[in-house]
Ligand code: NDP
């Protein structure tokens, strides 16, 4: 893969850094140019020049561009999914699935162009009426993480473009390949010069320049980085949307369907190598069912096949990068030091290639006040916390420095509804894993897991538009 930046409709070459496959550290995947502040400013200027034209761009034509981009993502799902799997380490099936999701998102926002919101009100003043219209925010900077390298750039870009904004995308330097293909697809779909720009560069320089120079920044990443983004944006009064980390609880009650509970906990905790902001990291189990549930969960986690992302029988691919791999091992060491019992995993796994393979890890006898239950591991690591009853389970679930997703397994409608109402998280999952979401409804957490409006679905219009209230004196008729 020869990556390029895309600024003002021009491809900018230059190989400066290389990515390697986490499945095989000897396999080179891509070479990319590293842009600096000047390129970020050039992209912002191009996006600003293109803004008036894109705001008044014919609605049907704008919708058509997004639809064609979705069509191309679908047509190239195997190729993009394979690149994603090689560069990030998701299994091929997960990589293709994520690309198909990105295509669906473009199709959804192709329709949103035509459903652009607006409201009309009667006025208290005779002969007047009031129009509330939603206008583009302007130039949007999209800053994205490595763990969903096609879906997150797609849902930020498609929504921003649909509501009439121009975009500068800065993907994670760890996995930039899919963003390059997205730029290629948008260019081929007919996006006008400057409306979409791609700048590959470090968060500290390019990210900061984009936040300062854009009208709005939509950011997904770690909570600490999110705080920095918010601070930088405060100085330039840039509108901010943050999607950040999670430490998501999954409760299993005495009356749960155990097969369902085990499968939901296993999928939520370990699929996609646990590198999902909505993954289940705290499994909270009531005491009567605790031992039976844990026995089954240990048997289930042992069945996962860890291996090369492209091998057809792999269910859990490698950890995405060396830093994350080292942090995961440190996390396990800390858990043992704190007195947690290692029920499964916690060690590197040998595979046919030299990759970053970690066994899915289950920790027992953990307490909610242990450091391992306070900080996001962002790896294939889950801890079980034993509690007395539903009341204590909800209290433990909510006693957390994150508020993204939360889940419960129960056959009691009453318990499910009580949890739904009392959970402090932005997402509640009943008898289904904490991870996994639909693209046509709002997605996001509450502070400090999220800030400044929801993503996906029509709810994203709140962030990507500004309200204008117009009073019209048409005279008494
Ligand atoms: P980071 O916060 O490290 O980076 C995210 C992006 O921000 C990258 O593009 C990075 O650039 C950039 N960045 C880094 N520093 C700055 C800065 N000072 N100003 C502006 N941009 C900056 O997150 P990761 O990529 O490591 O992703 C993992 C994190 O993302 C986890 O905490 C996870 O929970 C969270 N996440 C949240 C989701 C949600 O929707 N709530 C979904 C997916 C992930 P670069 O690294 O290239 O220098």
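Search region 120-146 for residues being under 30 Å from residue 168 (Cα atoms) and more than 26 Å from the chain's Cα centre (by Cα), and hand back the single one that is surrounded by the fewest Cβ atoms within 10 Å (Cβ to Cβ). The residue in question is 132. When the criteria are applied in full, residue 200 fails the requirement of being buried (at least 24 other Cβ atoms within 10 Å of the Cβ), more than 10 Å from the ligand (Cβ to nearest atom), touching a residue at least 60 places away in the same chain (Cβ under 8 Å) and under 20 Å from residue 154 (Cβ atoms). When residue 397 is tested against (1) within 16 Å of the ligand (Cβ to nearest atom); (2) in a helix (DSSP H, G or I); (3) buried (at least 22 other Cβ atoms within 10 Å of the Cβ), exactly one condition is not met: (1).
Give 373, 365 a once-over and let me know the one that is on the phi > 0 side of the Ramachandran plot and either crowded, with 19+ Cβ neighbours inside 10 Å or away from the ligand (no atom under 16 Å from the Cβ) (or both).
365
Taken together, the residues in region 376-392 that are assigned to a loop (DSSP other than H, G, I, E, B) and within 16 Å of the ligand (Cβ to nearest atom) amount to 5. Taken as a whole, the condition of being in a helix (DSSP H, G or I), in contact with a helix residue (DSSP H, G or I) (Cβ under 6 Å, 6 or more places away or on another chain) and either surrounded by 24 or more Cβ atoms within 10 Å (Cβ to Cβ) or modelled with pLDDT of 95 or more (or both) does not apply to residue 288. Among residues of region 222-235 that are touching a residue at least 40 places away in the same chain (Cβ under 8 Å), those with a beta-carbon under 6 Å from a residue that is near the ligand (Cβ under 9 Å from one of its atoms) and part of a loop (DSSP other than H, G, I, E, B) at least six positions away or on a different chain give the pairs 222/245; 223/244; 223/245; 226/244. Considering only residues that are under 30 Å from residue 103 (Cα atoms) and assigned to a strand (DSSP E or B), look in region 406-444 and name the one that is farthest from the chain's Cα centre (by Cα). Checking each candidate, the answer is 430. What about residue 271, is it outside any strand (DSSP E or B) and within 16 Å of the ligand (Cβ to nearest atom)? Criteria met by residue 271. Of the residues making up region 449-461, those that are touching a strand residue (DSSP E or B) at 6+ places or on another chain (Cβ under 9 Å) and more than 20 Å from residue 382 (Cα to Cα) are 450, 451, 452, 453, 454, 455, 456, 457, 459, 460, 461.
Pairs meeting the criteria (first residue in region 295-309 and without any contact (Cβ under 8 Å) to a residue 60 or more places away in the chain, second residue assigned to a helix (DSSP H, G or I) and surrounded by 22 or more Cβ atoms within 10 Å (Cβ to Cβ), beta carbons under 8 Å, at least 6 apart or on different chains) are 296/262; 300/262; 300/266; 304/266; 304/270. Within region 49-100, work out how many residues are touching a strand residue (DSSP E or B) at 6+ places or on another chain (Cβ under 7 Å) and surrounded by fewer than 24 Cβ atoms within 10 Å (Cβ to Cβ). Residues meeting the conditions: 4.
Does residue 447 satisfy the condition of being within 13 Å of the ligand (Cβ to nearest atom), without any contact (Cβ under 8 Å) to a residue 60 or more places away in the chain and either in contact with a helix residue (DSSP H, G or I) (Cβ under 7 Å, 6 or more places away or on another chain) or on the phi > 0 side of the Ramachandran plot (or both)? Answer is no for this residue. Across region 156-189, what is the total count of residues that are closer than 22 Å to residue 2 by Cβ, out of contact with any helix residue (DSSP H, G or I) (no Cβ under 7 Å at 6 or more places or on another chain) and within 13 Å of the ligand (Cβ to nearest atom)? Total satisfying the criteria: 4. Residues of region 101-116 being at pLDDT below 95 and surrounded by 14 or more Cβ atoms within 10 Å (Cβ to Cβ), which ones? Across region 101-116, the qualifying residue is only 116. Between 192, 153, the distinction of being within 13 Å of the ligand (Cβ to nearest atom) and either surrounded by fewer than 24 Cβ atoms within 10 Å (Cβ to Cβ) or within 26 Å of residue 402 (Cα to Cα) (or both) belongs to 153 only.
To keep it simple, each residue is scored yes or no on (1) at pLDDT 95 or above; (2) under 21 Å from residue 459 (Cβ atoms); (3) more than 13 Å from the ligand (Cβ to nearest atom); (4) surrounded by fewer than 24 Cβ atoms within 10 Å (Cβ to Cβ).
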residue	(1), (2), (3), (4)
227	yes, no, no, yes
236	yes, no, no, yes
241	yes, yes, no, no
248	yes, yes, no, no
254	yes, no, yes, yes
257	yes, no, yes, yes
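Taking the numbered list (1) closer than 21 Å to residue 287 by Cβ; (2) surrounded by 21 or more Cβ atoms within 10 Å (Cβ to Cβ); (3) in contact with a helix residue (DSSP H, G or I) (Cβ under 6 Å, 6 or more places away or on another chain) in turn, residue 433 passes all entries but (1).
Looking across region 210-225, the residues that are surrounded by fewer than 23 Cβ atoms within 10 Å (Cβ to Cβ) and either more than 12 Å from the ligand (Cβ to nearest atom) or not in a helix (DSSP H, G or I) (or both) come down to 213, 215, 222.
The values are calculated or read from the model by the stated rules, or taken from the named source; none is laboratory data. All of these numbers come straight from a predicted model, not from anything done at the bench. For neighbour counting, all protein chains shown are included, and Cβ atoms are generated from backbone atoms with ideal geometry for every residue, glycine included.
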